[in-house]
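Engineer: The structure under discussion is supplied below as structure tokens; questions concerning it will follow.
The values are calculated or read from the model by the stated rules, or taken from the named source; none is laboratory data. Here the structure is a predicted model, which is why all the values come from computation and not from measurement. No Cβ is skipped: glycine too gets one built from the backbone with ideal geometry, and neighbour counts run over all protein chains shown.
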Amino acid sequence: MTTATHTHDHDHAEAPARPKLAVWKFASCDGCQLSLLNCEDELLSIAEAVHIAYFPEATRAVVEGPYELSLVEGSITTPEDVKRIHEIRAQSGTLVTIGACATAGGIQALRNWADVDEFRSIVYAHPEYLSTLDTSTPIASHVDVDYELRGCPVDKAQLIEVLAAFLNGRKPRIPSYSVCVECKLKGNVCVPVATGTPCLGPVTQAGCGALCPSYGRGCYGCFGPQDSANTDALTRQLTELGMPDADIVRVYRTFNAGSPEFAAASDKVASRTTEGGTR
């Protein structure tokens with residue numbers, strides 16, 4: 001009896017190429033990129049599933065695009081930023097913005113209510129050398145964005161969920177309900193009801209695990225407005241708790257000051273202060 005020898009083509013087939021991942025930075029503190037690097041246990045699995053082609057925070061190696069997935073941190077604050085984000089969009093299959101800066105303009109969006117020329121003249125000896133915009137705007141104000149991941153910084157578990165969803169061709173399972181739901185799930189005592197502590201939890205998207213209320217502090221709105229934020233009701237509550245209008249404006253104008261819901265709420269309070277005098 002002779003033994004036949006069979007050649008299986010699939011034994012010699014090359015493994016499919018891993019999708020190329022690029023991580024880009026604009027005006028930001030790098031905190032959201034660090035959230036990815038803080039995925040200690042998961043980082044090796046991520047590196048095995050994707051080819052990290054561009055990520056200056058982690059490596060000096062650069063692989064040219066196009067890129068199947070781009071993660072973008074930071075807001076648009078200079079004319080050069082506007083040009084660069086269009087270039088990145090053109091070479092990215094899927095573009096995901098990460099963090100409050102990229103999704104709402106960040107804390108630097110406070111310039112949107114200020115005189116930038118005055119800032120430049122005070123801070124810089126030669127402001128004429130500085131090229132900047134009068135506003136800080138989210139990435140979605142300039143190019144099409146496939147998905148926005150909130151937070152200041154982003155939650156690493158949510159970041160991993162977004163990466164897993166991309167690799168498996170599904171929609172990320174990210175909650176859009178408020179921080180109040182997270183408080184209820186954890187059994188927290190409601191800080192504004194129990195202690196009169198001002199809290200943005202009712203209008204803020206979940207994602208932090210109700211971190212601040214878990215320690216008896218009010219929510220600061222790090223994850224931006226939830227999908228049905230009733231800022232009028234919250235403003236009334238903050239007023240009833242004795243918070244001056246100037247402070248109410250400040251709590252709306254933090255990490256997500258440039259988000260439409262928080263910006264409109266702060267403008268409404270600011271206008272009533274101007275019209276009726278300082279409370």
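Engineer: Please specify each residue of segment 20-51 satisfying the condition of being modelled with pLDDT under 90 and of a type in the set (Val, Ile, Thr).
Structural biologist: Passing the criteria: only 46.
Engineer: Give the number of residues within segment 101-138 that are in a helix (DSSP H, G or I) and more than 22 Å from residue 269 (Cα to Cα).
Structural biologist: To start, the set of residues in segment 101-138 that are in a helix (DSSP H, G or I) comprises 101-104, 107-113, 116-123, 127-129.
Those left that are additionally more than 22 Å from residue 269 (Cα to Cα): 101-103, 116-123, 127-129.
So the answer is 14.
Engineer: Name the one entry in 77, 59 that is in the same structural domain as residue 148 (by TED's automatic domain parsing) and in contact with a Ser or Thr (Cβ under 8 Å, 6 or more places away or on another chain). Working first, answer last.
Structural biologist: Details: 59 fails: in contact with a Ser or Thr (Cβ under 8 Å, 6 or more places away or on another chain).
Going through 77, 59 in turn, the sole match is 77.
Engineer: Return yes or no: is residue 88 within 23 Å of the chain's Cα centre (by Cα), at pLDDT 95 or above and under 29 Å from residue 264 (Cβ atoms)? Let's see the steps before the verdict.
Structural biologist: Numbers: within 23 Å of the chain's Cα centre (by Cα): yes; at pLDDT 95 or above: yes; under 29 Å from residue 264 (Cβ atoms): no.
No.
Engineer: While we're here: Give segment 85-114 a look and list any residue that's touching a Ser or Thr at 6+ places or on another chain (Cβ under 9 Å) and of a type in the set (D, E, K, R), or say none.
Structural biologist: 89, 111 - these are the residues of segment 85-114 that are touching a Ser or Thr at 6+ places or on another chain (Cβ under 9 Å) and of a type in the set (D, E, K, R).
Engineer: Could you check, for segment 233-253, whether at least one of its residues is crowded, with 19+ Cβ neighbours inside 10 Å, outside any helix (DSSP H, G or I) and at pLDDT 95 or above?
Structural biologist: For segment 233-253, residues crowded, with 19+ Cβ neighbours inside 10 Å, outside any helix (DSSP H, G or I) and at pLDDT 95 or above: present.
Engineer: Taking only pairs six or more apart or across chains, which ones have beta-carbon atoms under 6 Å, a first residue in segment 79-106 that is touching a residue at least 60 places away in the same chain (Cβ under 8 Å) and closer than 14 Å to residue 144 by Cα, and a second residue that is basic (Lys, Arg) and surrounded by 15 or more Cβ atoms within 10 Å (Cβ to Cβ)?
Structural biologist: Correct list of pairs: 103/150.
For every residue, the table says whether it meets (1) of a type in the set (Asp, Glu); (2) over 17 Å from residue 100 (Cα atoms); (3) touching a residue at least 12 places away in the same chain (Cβ under 8 Å).
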site: 115; (1), (2), (3): yes, yes, no
site: 131; (1), (2), (3): no, yes, yes
site: 145; (1), (2), (3): no, no, yes
site: 149; (1), (2), (3): no, no, yes
site: 155; (1), (2), (3): yes, no, yes
site: 158; (1), (2), (3): no, no, yes
site: 165; (1), (2), (3): no, yes, no
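Engineer: Which condition from (1) out of contact with any helix residue (DSSP H, G or I) (no Cβ under 6 Å at 6 or more places or on another chain); (2) surrounded by fewer than 18 Cβ atoms within 10 Å (Cβ to Cβ); (3) touching a residue at least 12 places away in the same chain (Cβ under 8 Å) is the one that residue 137 breaks?
Structural biologist: Checking residue 137 against (1) out of contact with any helix residue (DSSP H, G or I) (no Cβ under 6 Å at 6 or more places or on another chain); (2) surrounded by fewer than 18 Cβ atoms within 10 Å (Cβ to Cβ); (3) touching a residue at least 12 places away in the same chain (Cβ under 8 Å), the one that fails is (2).
Engineer: Have a look at 204, 278 and point out the one that is at pLDDT below 95 and among the β-branched types (Val, Ile, Thr). Outline the logic, then answer.
Structural biologist: On the way: 204 fails: at pLDDT below 95.
None of the others qualify; the one that does is 278.
Engineer: Within segment 23-65, restricting attention to residues that are without any contact (Cβ under 8 Å) to a residue 60 or more places away in the chain and of a type in the set (Gly, Ala, Ser), which residue is farthest from residue 91 (Cα to Cα)?
Structural biologist: Within segment 23-65, the match that is farthest from residue 91 (Cα to Cα) is 45.
Engineer: Could you say whether any residue in segment 118-126 is under 23 Å from residue 103 (Cβ atoms), among the basic types (Lys, Arg) and modelled with pLDDT under 95? Before you say what the answer is, go through the steps one by one.
Structural biologist: Of segment 118-126, the ones under 23 Å from residue 103 (Cβ atoms) are none.
Checked segment 118-126: no residue is under 23 Å from residue 103 (Cβ atoms), among the basic types (Lys, Arg) and modelled with pLDDT under 95.
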